[in-house]
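Take a look at the structure below.
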Amino acid sequence: MNDTLVDPAILEKVRGWRPYVEAKLGFRNHWYPILQSTNLAEGGTATATLCGEPLIFTRLDGVVYCLRDRCLHRGVRFSKKPECHAKGSLTCWYHGYTYRWRDGRLTDVIAAPNTKIVDGRRGVRTFPVQEAKGLVFVFMGDAAQALPALATDVPPKFLDEDLHVMSKLRIVRSNWRHGVENGFDTTHIYIHRESRLIQENNLVLPLGFAPSAAKSWHIEESPAGPVGVVEDYGPNVVPAFEGRIEGRTVLKVPSDIEGKNLVPHTISMWLPCALAVDPWPDPATIQMEWYVPVDATTHLYVQTLGKRVADDAGRREFQREYHNRWEHYAFDEFNGPDIWAREAAEEGYASDHHWVDEALFEADENIIAFRRLVSERNRGVQRLSDLRE
Amino acid sequence: MNDTLVDPAILEKVRGWRPYVEAKLGFRNHWYPILQSTNLAEGGTATATLCGEPLIFTRLDGVVYCLRDRCLHRGVRFSKKPECHAKGSLTCWYHGYTYRWRDGRLTDVIAAPNTKIVDGRRGVRTFPVQEAKGLVFVFMGDAAQALPALATDVPPKFLDEDLHVMSKLRIVRSNWRHGVENGFDTTHIYIHRESRLIQENNLVLPLGFAPSAAKSWHIEESPAGPVGVVEDYGPNVVPAFEGRIEGRTVLKVPSDIEGKNLVPHTISMWLPCALAVDPWPDPATIQMEWYVPVDATTHLYVQTLGKRVADDAGRREFQREYHNRWEHYAFDEFNGPDIWAREAAEEGYASDHHWVDEALFEADENIIAFRRLVSERNRGVQRLSDLRE
Amino acid sequence: MNDTLVDPAILEKVRGWRPYVEAKLGFRNHWYPILQSTNLAEGGTATATLCGEPLIFTRLDGVVYCLRDRCLHRGVRFSKKPECHAKGSLTCWYHGYTYRWRDGRLTDVIAAPNTKIVDGRRGVRTFPVQEAKGLVFVFMGDAAQALPALATDVPPKFLDEDLHVMSKLRIVRSNWRHGVENGFDTTHIYIHRESRLIQENNLVLPLGFAPSAAKSWHIEESPAGPVGVVEDYGPNVVPAFEGRIEGRTVLKVPSDIEGKNLVPHTISMWLPCALAVDPWPDPATIQMEWYVPVDATTHLYVQTLGKRVADDAGRREFQREYHNRWEHYAFDEFNGPDIWAREAAEEGYASDHHWVDEALFEADENIIAFRRLVSERNRGVQRLSDLRE
């Protein structure tokens, strides 16, 4: 088995974005959202898998810690039966190997006092954690030196003080890249043409877009922020409201924009795997979402909806609005077919040959731009060997 | 993974019928029955897998068309949500890539009018289709030039004008070759010795056959017809009605032929994978059946029963006879243990080593003759790479 | 696929016990318990898999016979529908290939009297069988010459005349070695600290053991007996009743030995895979158990409990005692977490990398001693090719 799970013969044939095709387990040394803050109580534990790596979390004095969920001794997962006998430490259920949450250091083996295996050097890997907007972010990489700022791995605006963010997480049975390519895909709106959200929120949704001579995307970055590809719904994007087959019109969707909510203005894709649809589904809200690598065939779909609020009352009102309206119409009903499409694409790319055979077209240029960008600017391809070091 | 899914080290050890052992996915450039005509209505769609190839079918003005069930763009299956917005075309549910059923040509992308991806050259693979005797046959091969006549890939008599054919299709969990070798196997009747069909239709069924000095099979072919091996239940076949173990008789089945239906006269196996038992189970009926390759571990078992009829009344009477009698006693009850035996053989040959280790005996000579014949006369081994071109 | 299912690159990195790491399918040419005698009635059949080898058993005039459960002809398993038409023979359900239980010789093919395939030489492999203490033992190896005595592959005392043995068998979803290493592991008692057996039988169970300067195990063997590693609960073993984390006591279990049953005195591990805990769980009983290789990821957990009895009345009393008390408290409740731990270790060692990465400590020295011993003294590593010869 190749160290990236991709047949080298296929990688040889990929032009321009080989690291992306290699990154079946995602990119390393980036921040990823992995849990909702509310799902990890003080003193409790939670478990998750990120880029193939099993993780266990706790919260101590409000601060979240993360260790590799695998005892040095017998390789068993702590999370099978998490034991925390002293604040600040995690004990393996099998022989009592005990580690410090803070630095992963092996401090004791309960079943063997004074064992020499506790030498002050051994420990399990720790992963830096940061909370923001109700989500727990993990840095999948080496704890060592220069930790990049969380702001470099989330879409612009996401961390804005006045943006209140609601979120929903679920596991999807496709590789993370089919999430990225479905989300940033401008013409996949074809599958949303009958969505109830359109009428419900007074939207105008074309069937797709006619190719335009001028490029509609650009690369954006700022010194302290993320790098991404921004697709601009400006004059270079020509909406198509009629579907034609061999010259005959076969489908039509309403194109009248009078009194309609004209959203979004931009769709953008940010390293490592976050999409921003701004604004959406309402002129006052932004949908940002992540397609977080879990393992080769699974990703965590992290949907967030943000709205600027002035105070607690505004926060509470948006929470109600989210639960009464957007969670159902946007996250479930509108994005449901996206989940289904990613699972279908997983089947299409199952043998990896389709990375070579795929027949992309003009509308996929922003996706290609992102493939190139992430291939160049990622901080490392996650490899099977990373899971063992 | 080898291109034929068979370990080359095993192929090296096979003498005389290597292409047959290689053909785990079946043989290419042959006609195969795949659907019942009644299961594909005008304007509807159906899906199936043949020799590893996903297929989608429709019927337009009565004519059946078949495309590879896989969009050029993202590799998704059309059949996940078939869309036909204009007569004669199939549209992918994801971005509206639209293909002509007739020639597979990509004619439009609904979500992107005027895209250059529609260049008049791109298309999905089409497969020739022909209907006969209530079955839809597909030619698993290249649409190109010289299409062989259907008559070269079905048993003789099958297409005879006055033969009315009833059929039943089901999926069996074994490679197609275990169907072939079970069906053409003269001594496997041992497993049928307690079948209720014997008494029900007044048959005489020995436990097996004693080896005879003279060969009982011959190869048959005609210019316009198929090529096959015919086993002749003539003087060279010595029925055994008593089973002996170390000299003692341990089993006996009735051998009295007085007033009994003495069937069949011949059993024959035709390229690519069709058996004819003639006559059977009645002196007035012929059972022909196919073991159609689906994928490496699955075949489609196509059972047919034919009877010569003079007119519509005869046809209706045979239909009643089939449903009241033969479907249950012959197709289900008698052939049930065959399905079970093929699944057991699938396990026996699972590692492919048994193709080298098997201890065949005299009664398997007709099977060996077929292995040699099909190895020589097939029109191509189906390979994994064929599924991608 | 490597012939032992283990990546050679991993084997290269193993020091001192490479054959043990190679023996994913167990060791060959040893005796293994596989069935309870009561589960094989006169004239009946039973089936099991041992070291990857499918087996079928019968009992004739009280004697148990064992054949490879795979017909020479089509590779199907006899046990799918065992047929015994004559005492002393097993007939394949497919074509009537008939074998002698005694020597595996092919004597007849019922469906083909006088076939030349019956040449007096062909046969299926037989495996020597011996019954002892209510268990059927099979010798997984070549029937040929020098069969080692059963006594060389069971713990000392097991065959003692006056020892009455009760047993329980079940399938566990881990490789057999995780059974061995869990059973012989002195500090895994940490997982048993809350077992109800402790109070129920008035035991003293420490949390583990502090490392001691002196070695507490030795290798034992006798000319006619087995070879094994014996861990002696003498002065070199220092029990730990308090668990500490970074200097603070976090766990305490009762250490008062007044009036308690102080068991066991020794724990020992014998080739090929049998543990003896003596005495346990009662001063008057010995628990011996086997972790029998089934396939790469499964073992048969054979638990036995022995007690010395003087007569039939003593035997009956112990049977009642076992069913009323030990079966539940010892085999099910106490050993339950062991089964669970082996399954967790199976996950930890799934990729085989953990054989290289594992962080063993002082308390694992007896396990390492056994790894070395069995690597040196085993009678052969079971290989995939052994399953085909």
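Only the coordinates and a few stated rules stand behind these numbers; no lab work does. What you see is a predicted model; the values in this text were computed from it and never measured. Using ideal geometry, Cβ is built from the backbone for each residue, glycine included, and neighbour counts are taken over all protein chains shown.
Structural remarks
- Summary for residue A:47: label point 7 Å along Cα→Cβ; distances to the equivalent points in the other copies, ascending, 3.4, 3.4 nm.
- For chain A, Cys with no neighbouring Cys Cβ under 4.7 Å: A:51, A:66, A:84, A:273
- Rg/Rh (Cα only; Kirkwood hydrodynamic radius) as it applies to the range B:30-140: 0.96
- The protein assembly as shown: antiparallel DSSP beta bridges as a percent of all, rounded to 5: 100
- Label spacing, shortest first and in nm, from residue C:87 to its equivalents in the remaining copies (7 angstrom along Cα→Cβ): 7.9, 7.9
- In this rough spin-label picture, where each label sits 7 Å from Cα along the Cβ direction, the residue C:227-residue B:114 distance is 8.5 nm.
- Nearest-20 debye value, the protein assembly as shown charge dipole, Cβ charges on Lys, Arg, Asp, Glu: 520
- A Cβ-based charge dipole, computed about the Cα centre of the range B:248-389 with Lys and Arg at +1 and Asp and Glu at -1, lands at about 380 debye.
- Label zone at residue B:159 (point 7 Å along Cα-to-Cβ), backbone N below 16 Å, the range B:110-137: B:128-137
- Principal axes of the range A:1-70: Cα extent on each, largest first, Å: 51, 23, 16
- Using a Gaussian network model of chain A in which every pair of alpha carbons under 10 angstrom is joined by a spring, one finds that among A:200, A:343, A:365 the greatest mean-square fluctuation is at A:200.
- Shown for the range B:280-389 is the translational diffusion coefficient from the Stokes-Einstein equation, using the Kirkwood radius over Cα pairs, a temperature of 4 °C and a viscosity of 1.567 mPa s: 75 µm²/s.
- Distance distribution P(r), the range A:64-109, all Cα-Cα pairs, bin width 5 angstrom from 0: 5, 26, 40, 24, 4, 0 percent.
- Per-residue extension of 0.36 nm, minus the Cα-Cα distance of residue B:343 and residue B:9, leaves a gain of 117.8 nm for this segment.
- Annotation: lysines with alpha-carbon distance below 25 angstrom to residue B:24 (same-chain offsets under eight excluded): B:13, B:168, C:80.
- For chain A, with +1 on Lys and Arg beta carbons and -1 on Asp and Glu, the positive-most of A:209, A:292, A:29 along the dipole: A:29
- Shape category assigned to the range B:150-386 from the gyration tensor of Cα positions, a/c cut at 1.5: rounded
- ³J(HN,Hα), Karplus 6.51/-1.76/1.60, whole Hz, each residue of the range A:192-201, x for Gly, Pro: 9, 4, 9, 4, 6, 4, 4, 6, 4, 10
- Among B:120, B:208, B:134: highest mean-square fluctuation, GNM of chain B, C-alpha pairs under 10 Å: B:120
- Built from the Cα atoms of the range A:137-214, the convex hull projects on average onto 9.4 nm², one quarter of its surface area.
- Helix axis angle, B:312-321 relative to chain B longest principal axis, alpha carbon, degrees: 70
- The alpha-carbon atoms of the protein assembly as shown, seen along their principal axes, cover 98, 96, 46 angstrom, with the largest extent given first.
- If the segment from residue C:297 to residue C:121 were pulled out straight at 0.36 nm per residue, it would be longer than the present Cα-Cα gap by 59.8 nm.
- Where the Cα pairs of the range B:328-389 fall when distances are cut into 5 Å bins, in %: 4, 12, 11, 18, 23, 17, 10, 4, 1
- Residues in the range A:341-384 that a label on residue A:2 would reach, taking backbone N under 17 Å of a point 7 Å out along Cα→Cβ: A:349-358, A:375, A:381-384
- Taking chain A as a Gaussian network of alpha-carbon nodes connected by springs under 10 Å, the highest mean-square fluctuation of the residues A:98, A:107, A:115 belongs to A:115.
- Counting neighbouring Cβ atoms within 10 Å and putting the fewest first, the residues B:31, C:176, B:280 line up as B:280, B:31, C:176.
- Taken one residue at a time, the phi angles of the range C:27-44 give Karplus couplings (6.51, -1.76, 1.60, θ = phi - 60°) of 9, 9, 6, 10, 8, 9, x, 9, 9, 8, 3, 5, 8, 9, 7, 3, x, x Hz. Gly and Pro are set to x.
- Helix-only CD estimate at 222 nm, as mean residue ellipticity for the protein assembly as shown, using -39500 (n - 2.57) per DSSP H run (n ≥ 4): -4500 deg cm²/dmol
- Taking the fewest neighbouring Cβ atoms within 10 Å as the starting point, the ordered list for A:381, A:154 is A:381, A:154.
- Positive end of the dipole of the range A:150-386 (Cβ unit charges, origin at the Cα centre): among A:191, A:380, A:165, the Cα lying farthest that way belongs to A:165.
- Note on residue A:130 and residue A:324: with the Förster distance fixed at 30 Å, the Cβ-Cβ geometry gives a FRET efficiency of about 0.45.
- Nm distances between copies for residue A:12, ranked from closest, using label points 7 Å along Cα→Cβ: 2.2, 2.2
- Folded to 0 to 90 degrees: helix A:365-377 orientation relative to chain A principal axis, Cα: 30
- Anchor residue A:87: lysines whose Cα lies under 24 Å away (excluding residues fewer than 8 positions away in-chain): A:116, C:252
- Here's the picture: charge each Lys and Arg Cβ at +1 and each Asp and Glu Cβ at -1 in the range B:150-386, and of B:330, B:341, B:234 the one pushed furthest to the positive end of that dipole is B:330.
- Karplus (6.51, -1.76, 1.60) ³J(HN,Hα), θ = phi - 60°, over the range A:329-342, in Hz, Gly and Pro reported as x: 5, 8, 5, 8, 6, 6, 7, x, x, 5, 4, 4, 5, 5
- Looking at the range B:248-345, the DSSP beta bridges with both ends there are about 100 percent antiparallel.
- Placing +1 on the Cβ of every Lys and Arg and -1 on the Cβ of every Asp and Glu, with nothing else charged, gives chain B a dipole about its Cα centre of roughly 1580 debye.
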